[in-house]
Structure formats: C-alpha cells, structure tokens
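Below is one structure. I have some questions about it.
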Amino acid sequence: MNFIQGYKEWKAVEIGENVSIINPDKVTIGEGTVIDPNVVIYPNVTIGKNCHISAGCVIGSRGFIYNVKPGLLPETEITNGNVIIEDNVDIGANCTIDAGRKHTILRKGCKLDNLCQIAHDCEIGEGVLIAAGSILGGHVTLGKNTRLGLNCTIKNRVTVGKDSFIGMGTTIYKDVDSNTKITVFGTFKNNKPQPPINPS
C-alpha cells in the first residue's frame, strides 16, 4: 500500500496500487480510510474517516439517466451530482456507487458486501447492511439499520423504512414500512403476517 500524508484534507490515507482518482482536487478522503487496489474514484466524491473501499470498486461514475423522446435515440442527461460516503463505511469488492442529479449518500456505519450496485441519488441509512449481489435502482432510500439479504433488488424510487429486513432473493416494488420483514415466504410487521406486496 502507498501511504498518502497531507494531500489537502487527506490525512493518513492508505491508497493501493493502480487506484485511479480522477481530478483529485474534487475528491475528499478522510483520515484513516483505506482504498484497496484498482479502485476508480470520480470527481465530486467525499469519503469520510475510517472507511474501507475494497478492490475494484467504482465510486461516482455517471448514473443511468437518459432523456427519451418518441422516435429518437435516448440522449445522455448531463448531471452534476455527487457521492457522499460518511464515516466508518465499508464497501466490498467490485461495488459500484453512481452519482446522479443531486446526492448519492451512504450514511455512517453502513456496510456493503461484494458486487452491490447503488444507483444514482440513493440514500443508504446509518448502520444499514447490504449483502452481496444486491441492486438498488435510482432514488432508493433505505432507513436506518435496515438489512438486505443476498441478491435483493429494490425498484427505483422505493423507500424501505428503518429497522426492516429484506430476505435473500426478494424483489421490492413498493414502499416498505419501518419494522417490516419481507422474505420469499411472506411479509411480517412486528412479527405478524401481512398481505403480500402486489407489484401492480
């Protein structure tokens, strides 16, 4: 590891081999953070203190945002959003965190397993755990201390309330209340069965 001391606000940051930081004047990395090899960090990214970004991650790349008009090819929408990763966040290998129109935010203490996709303008709450292979569409909000199992998919513009649990392989189409458990076997709130979430 290379040990970077004193690049502007960067203090005692460990940077692995072959890390690409595009326009470092527009990137802030907090003290005690570790960036593993082969990570790419785009401009307008802020990473807090004591974070760990594992190998192969891409942080702040352009989100999947296009203007679509009848009879014309989709046009890329130019956006100037940023990515904010607060303190004590761990991001597993080969995750992608997209920038968008405004802010993509990972609140303090949240943890992502390997191979997760966080689309543009999402907000991941404090202490959230996301297991490997999970996909969040644009503008998804996950409340504080929510848990996502392996290979979950959350539709764009859905909010999952705090202290909820989304089980392995579940696809979420609609907003989920706080303190709700959803698995492939059913929906439970405060440990009581609920009617299934209908995607229509």
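Each value in this text was obtained by applying a stated rule to the coordinates, not by laboratory testing. Quick caveat, the model's predicted, so the values are computed rather than measured. When we count neighbours, we look across all protein chains shown, and the Cβ atoms used for this are built from the backbone with ideal geometry, even at glycine.
Exceeding 32 Å between C-alpha atoms, which entries from my cross-link table qualify? They are Lys155/Lys189; Lys69/Lys189; Lys49/Lys189; Lys108/Lys181. Don't jump to the answer; show the numbers that get you there.
Numbers: Lys155/Lys189 21 Å; Lys69/Lys189 42 Å; Lys49/Lys189 35 Å; Lys108/Lys181 23 Å.
From the list (Lys155/Lys189; Lys69/Lys189; Lys49/Lys189; Lys108/Lys181), the Cα-Cα distance tops 32 Å for Lys69/Lys189; Lys49/Lys189.
In the set (i) 38; (ii) 55; (iii) 28, which value of percent of Cα pairs over 25 Å apart was calculated from the structure you see?
The value matching this structure is (i).
Moving on to the next point. Given Cβ point charges of +1 (Lys, Arg) and -1 (Asp, Glu) and nothing else, what value in debye, to the nearest 20, does the dipole of the chain about its Cα centre take?
Details: 20 positive and 19 negative charges, 146 e Å.
Charge dipole of the chain: 700 debye, to the nearest 20.
HN-Hα J couplings of the stretch 51-59 from phi, Karplus 6.51/-1.76/1.60, θ = phi - 60°, integer Hz, Gly and Pro as x?
8, 9, 9, 7, 4, x, 6, 10, 10
Let me ask another. So what J values fall out for the stretch 34-41 if you push phi through Karplus, 6.51 cos²θ - 1.76 cosθ + 1.60 with θ = phi - 60°, rounded to Hz, Gly and Pro as x?
Those phi angles translate into 10, 10, 6, x, 6, 8, 10, 10 Hz.
Output ³J(HN,Hα) for the stretch 134-146: one whole-Hz value per residue in order, computed from phi by the Karplus curve 6.51 cos²θ - 1.76 cosθ + 1.60 with θ = phi - 60°, and x for Gly and Pro.
So the Karplus estimates, Gly and Pro as x, are 7, 10, 10, x, x, 6, 7, 10, 10, x, 3, 6, 6 Hz.
Another one. For a label point 7 angstrom out from the Cα of Thr171 toward its Cβ, which stretches of the stretch 124-149 have the backbone nitrogen within less than 14 Å?
Counting backbone N atoms under 14 Å from the label point, the list is 135-137.
Further, regarding this structure: Using modelled amide H (1.01 Å from N, peptide plane; none on Pro or chain starts), what sits under 5 Å from the amide H of Lys144, excluding residues fewer than 5 places away?
Residues meeting the amide H criterion: Glu126, Lys162, Asp163.
List every residue whose amide H lies under 5 Å from the amide H of Thr180, counting only residues 5 or more places away in sequence or on a different chain, with H placed 1.01 Å from N in the peptide plane.
Correct list: Ser164, Phe165.
Also: Would you mind checking which residues have amide H under 5 Å from Thr187's amide H? H placed 1.01 Å from N; only 5 or more apart, or other chain.
Gln194
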